[in-house]
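I have placed the structure first, in the form of structure tokens, so that the comments after it can refer back to it.
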Amino acid sequence: MMENSGAPCMEKVPGDIADLLSGYGWRAGRRIGQGAFCEVYLATENRTGKSAACKVSRQKELARRESKMLAAAAHPLFPEFYALWEAGERTCLLMEYICGLSLERHLQHRGGFSVGQTLRVGMELAQGLRFLHQLPEPLLYRDLKPANVMIRQDGRVRLLDMGCACPLRCPDESRAGTPGFAAPEQLREGGVLSPASDVYGLGKLLEKMAGENVSGGLERVIAACVAPAPEDRLSDMQEVTQALLASGSHAGPVLPGRKGYRRRRVSCVRNVWESNYKNG
């Protein structure tokens, strides 16, 4: 999981959590994130030196559920699941540590992206979400928003936080998602969920990403994603991908070059698109 979403947080892990991780052969580092029900710490395996993100929570059922969803999401778009530990009132969800900067922080630093950059991100996200929707037990992601999209140091896109994910065939009846990005049916009691719910969230994300630069084919694709009624939207991520490919827009490059980057941790919180993607 977890990015450095801004300036590095140097707060040290509490002693009891450090002791808990130590018992499983991991060394705790600084806190790298915080949510409503959890804190996330950087951890290092003593034997191999491998880094991981450790999500510590007192919400055991939520942690168990998220670990199940994360384990099922074995696709490059999502962090790799490592382990779930329970100790007393706490659970520790251990997953891949992703070094980069959130799309939310990119938008704060630079405003909107070019049509080509937006198209590239849209296709990467659509392909990963299509994987979720086509699993033997399909999943809905339900929480597409800039804070959950990570741009890695190499420019690839990753999608964090499976906390709102739910099975498609037996969806969680509770309302879930972020207002402004979640589909209307997610935010009302009794709403019927479908892959079109994630289509709506992706459309809103791309709309936010493009900002004033949205135009032409991309604008039409976004409009077809964010129709209020599910039956009026593109129905699934395959249709979204085909529409993006047919939009006539030029996709930005897949990977930025490594030249010019300092091989230090500070490079993880730089705007990696500023020099490589700014011309789309």
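Counting 0.36 nm for each residue step from GLU231 to ARG30 and taking away their Cα separation leaves a gain of 67.7 nm.
Under a model in which nothing but the beta-carbon of Lys, Arg (+1) and Asp, Glu (-1) is charged, the stretch 15-96 shows a dipole of about 60 debye around its Cα centre. Net length available on complete extension from ALA224 to THR48 is 58.6 nm, with 0.36 nm assigned per residue and the Cα-Cα distance removed. Put a dot 7 Å past the Cα of GLN108, heading toward its Cβ, do the same for GLU137, and the two dots end up 3.7 nm apart.
Ranked for footprinting exposure by Cβ neighbours inside 10 Å, fewest first, HIS109, HIS75 give HIS109, HIS75. The separation of the stretch 96-132 from the stretch 195-244, counted between C-alpha centres, amounts to 14 Å.
Distance distribution P(r), the stretch 44-172, all Cα-Cα pairs, bin width 10 angstrom from 0: 12, 39, 34, 14, 1 percent.
Only the coordinates and a few stated rules stand behind these numbers; no lab work does. Since this is a predicted model, take the numbers as computed values, not measurements. A quick note on method: Cβ atoms are made from the backbone with ideal geometry, for glycine too, and the neighbour counts reach across all protein chains shown.
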